[in-house]
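Taking it in order: structure first as structure tokens, then the write-up.
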Amino acid sequence: MKKLLLINLLCAIFFSLTASAQCAPPTQIAAVDASQTTVVIAWDDMAPSIYMIWIQPAGAPAPLYEEPGIPAGTSPYVHTGLVCGTAYDVYLRKICDGEVLGEWSQPVTVSTS
């Protein structure tokens, strides 16, 4: 009985960790191009998915989990309408299983020129 409980517990932990890793935020987020009012953001898209992006003035508080963000599709993403000479923090998250929102990434600071 104890072995069965232990096996079930280990399986639950394994599948929980696997699911978490599959919905982890993207990595290698960077601005690959910038102009006065536009930035092009790219990231490592190891398992093609749909992503949400959050762009805000640098130093502002991180977005809450509930914040919807902007649909970014896949890498790279072009964001327009920014202010010239301004630094922005960019956050990305993956949408998993069609509707489950992953956690926001750590911020990456980008600047318009």
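Which peptide among 38-51, 97-110 comes first, and what is the full order, when sorted by highest mean count of other Cβ atoms within 10 Å?
Averaged packing, sorted descending, gives the order 38-51, 97-110.
Kindly write out, for segment 25-35 in residue order, the coupling ³J(HN,Hα) from the Karplus curve 6.51 cos²θ - 1.76 cosθ + 1.60 (θ = phi - 60°), rounded to whole Hz, with x marking Gly and Pro.
x, x, 10, 6, 6, 7, 7, 9, 6, 8, 10
What order do you get for 64-75, 84-95 when each peptide is scored by the mean count of other beta carbon atoms within 10 Å, highest first?
84-95, 64-75
Write down the radius of gyration of segment 24-111 and its Dmax, each obtained from C-alpha positions, in Å.
When restricted to Cα atoms, segment 24-111 yields Rg and Dmax of 12.2, 38 Å.
Contour minus end-to-end for A60 and E103, with contour as 0.36 nm per residue of separation and end-to-end as the Cα-Cα distance?
13.7 nm
Using amide H atoms built 1.01 Å from N in the peptide plane, name the residues 5+ places from A72, or on other chains, whose amide H lies under 5 Å from its own.
Y51, M52, I53
Just so you know, all these numbers are worked out from the coordinates, no wet-lab data involved. Keep in mind that what you see is a predicted model, and the values were worked out from it rather than measured. Backbone-built Cβ (ideal geometry, glycine too); neighbour counts: all protein chains shown.
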